[in-house]
């Protein structure tokens, strides 16, 4: 067998094997999300189109999206195909199941009262000590730099989209200056709190949403029947103070509890979307998503984009399967929305937790997520592990940073979190920044940007169904994700079954020409490109000794850039460049080695020892650019 045929055979075997082994994303049986085209006529047409086929369960006002359940007496597959091909329908997709990103303990776990946890020595009651985690994040050091609560520096709202909250827990009770209360961290919708019971006083579509909402029961009772949401909320609040100290200090963060996960920690995409829109529309500046699933949802992608358009930071747990999100996407972590930051879990020694998902392109940052002591219902505490615990620490610290620089958009806040993080050798190739969050650097960095104005690049979603099979991993879910979409996006996708393997083999056979072309192309050195290159028109200033040359960037990639300048440069020389972002709002500085491209008659610079944080920014810049 020739090397080409051997490579082709191995590729086909791997495609068939992976497709057979891939577990189909779970979905709510018989439920779908349907979006009608803007010109179709909206709800009236929806009722007509769905009559006799499906029951309308919920509508997303202003979005043209409807949650439906197929009637039991219809052919679900045929109905799905008919709706999918209807010219008035933009898309139809399963209502995927999403689950919390907490690692189940191997043995019994100990729930402790405040007195018990302090007596155990697991935590410290000293107000100046942080003991929820022992990782060197310098969180306690940052507390002394926090600006006090005043008219200019109020509380930042963090939406905890999760299993709910036990608001009766000591930590979340109202603050009392005499030291007998809690932190006052629970968000209060003042209009509803002072309004008439049973009336939607603020006219936001929710009656008596005084402190949050339960999207499962559609009520204001968001009690946590799982532990997870209360634990996550305790980590967010604990980023700013020792929650084991007594008396408790007043929190500089407000928790907006939005329950969409039920007992057992699972919920639907439809309810997650409702929670995200609620968070954005009601003042949350940071949204924490300690949950996920493998099913790509265009409607959830739109919801995260909606948060971006309103300058909200979204913090998403990477997942707990120990797998690579670059090749096996998890959502919402893998959505390439520029204000969505995906978090891996690290140990107290700063290496990746064995359970944590990772991804050198799609996971951005590490954060402590092992054996984190935090609040649980019943006025108790508990140790939990998972990327679920890593994400809220980032969310809490980001909220505190935003207090210091309230003008920052979610996009700018994400960049600041990444750039201020502590470079860790063991995270090279694990997360795109090769770094673990550093609380002190983040807070002081935010203070240096106190007067910064909000800005962010334009972003138009590139939906998974629109991407090619050859999409790079940095696009946030192409490639393997699309193969799964082809196999699993129809009726019964949540039921598992044995069809996946056969579909994978068929798909593999259809891919033979493409694989053969890739193998032949790989033999041509001119066709090899380590990094995708993008067209970019932007200013560059190059420092060469005592000279500063001004030029314009032509193309850019993770490996370097090409540019035009009126003056000659020495080939092989090392230069320092200040590159302006495509939107003109940001400037980065990077060193590189000068090269000359005779074919293009342009200079190029290969990046030398560029910080991974800088490369991460370039990757974000290129998300909306055209490949060359």
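Computed from the coordinates by the stated procedures, all read-outs in this text should not be read as laboratory data. The structure displayed is predicted, hence computed values, not measured ones. Please note: Cβ atoms are built from the backbone with ideal geometry, for glycine as well, and neighbour counts cover all protein chains shown.
As a proxy for reagent exposure, ranking 536, 397, 449 by other Cβ atoms within 10 Å from fewest up yields 449, 536, 397.
By the beta-carbon count within 10 Å of each Cβ, the least crowded to most crowded order of 310, 364, 169, 228, fewest first, is 310, 169, 228, 364. Cβ crowding within 10 Å ranks 134, 230, 79 as 134, 79, 230, fewest other Cβ atoms first. Working ranking of peptides 63-70, 203-210 by packing, defined as the average number of other Cβ atoms within 10 Å per residue, highest first, is 63-70, 203-210. DSSP beta bridges fully contained in region 112-447 are about 30 percent antiparallel. The length gained on full extension between residue 263 and residue 591, counted as 0.36 nm times the residue separation minus their Cα-Cα distance, comes to 112.9 nm. Between residue 115 and residue 56, residue separation times 0.36 nm minus the direct Cα-Cα distance comes to 16.2 nm.
Label point 7 Å out from residue 153 along Cα-to-Cβ: which residues of region 406-431 have amide N under 11 Å? Residues passing the 11 Å test: 406.
Averaging Cα coordinates gives a centre for region 316-373 and one for region 73-125; these two points are 16 Å apart. Taking 7 Å steps out from each Cα toward its Cβ at residue 321 and residue 379 produces label points 4.2 nm apart. Here r is the Cβ-Cβ distance between residue 463 and residue 199 and R0 is 35 Å; the resulting FRET efficiency, rounded to 0.05, is 0.35.
In terms of the mean number of neighbouring beta-carbon atoms within 10 Å, the peptides 352-362, 95-105 order highest first as 352-362, 95-105.
The simple spin-label model puts a point 7 Å past each Cα toward its Cβ; for residue 564 and residue 99 those points are separated by 5.6 nm.
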